[in-house]
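Okay, structure first, notes after.
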Amino acid sequence: MTNPQPHSSNPPTTRQISYLRDLAVSRGQSFAYPSTFDEADREIKRLRKVKRTSRADRRRESRGVSAALARGGDAASVRDHEVGGYGSSAHWRQRS
């Protein structure tokens, strides 16, 4: 017997989410976490159309990203030479 309610408002199943993760990894892609069953279904169909990325390419890309993060530091962090004062009297040394 079929379910009389459409899937559109139902949340995605755990099997869908698990399959989405596996597909995304094997395709070297990312995905937005779906909020409904139908969104998950569309994302699965999209990822199934994408050609698989080789394991060596995925490993190479992962190592490259890790290396870039390790040497790059955090560009958004505040550096000591940018701030003057201490505590409640702290201020920016240069105004942009």
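Quick note: the coordinates plus some simple rules give every number you see, no bench work behind them. This one's a predicted model, so the numbers in the text were calculated from it and none came from an experiment. Every residue, glycine among them, receives a Cβ derived from its backbone with ideal geometry; neighbour counts consider all protein chains shown.
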inquiry  = Using the basic label-point model (7 angstrom from Cα toward the beta carbon), what is the residue 65 to residue 25 distance in nanometres?
reply    = 1.3
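Semi-axes of segment 42-96's equivalent ellipsoid from the Cα gyration tensor, sqrt of 5 times each eigenvalue, largest first, rounded to whole Å? Numbers along the way, then the final one.
Working: eigenvalues 394, 55, 13 Å².
Sorted largest first and rounded, they come to 44, 17, 8 Å.
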task = In whole angstrom, note down how far apart the Cα centers of segment 5-45 and segment 66-96 are.
result = 39
message = Please compute the modelled spin-label separation between residue 54 and residue 89, points set 7 Å along Cα→Cβ, answer in nm with one decimal.
response = 6.3
Candidate values [x] 41; [y] 47; [z] 63, label of the one derived for percent of Cα pairs over 20 Å apart = [z]
request  = Sort segment 5-58 into rounded, prolate or oblate with this rule: let a ≥ b ≥ c be the square roots of the eigenvalues of the Cα gyration tensor; rounded if a/c is under 1.5, and if a/c is not under 1.5, prolate when a/b is larger than b/c, oblate otherwise.
outcome  = prolate
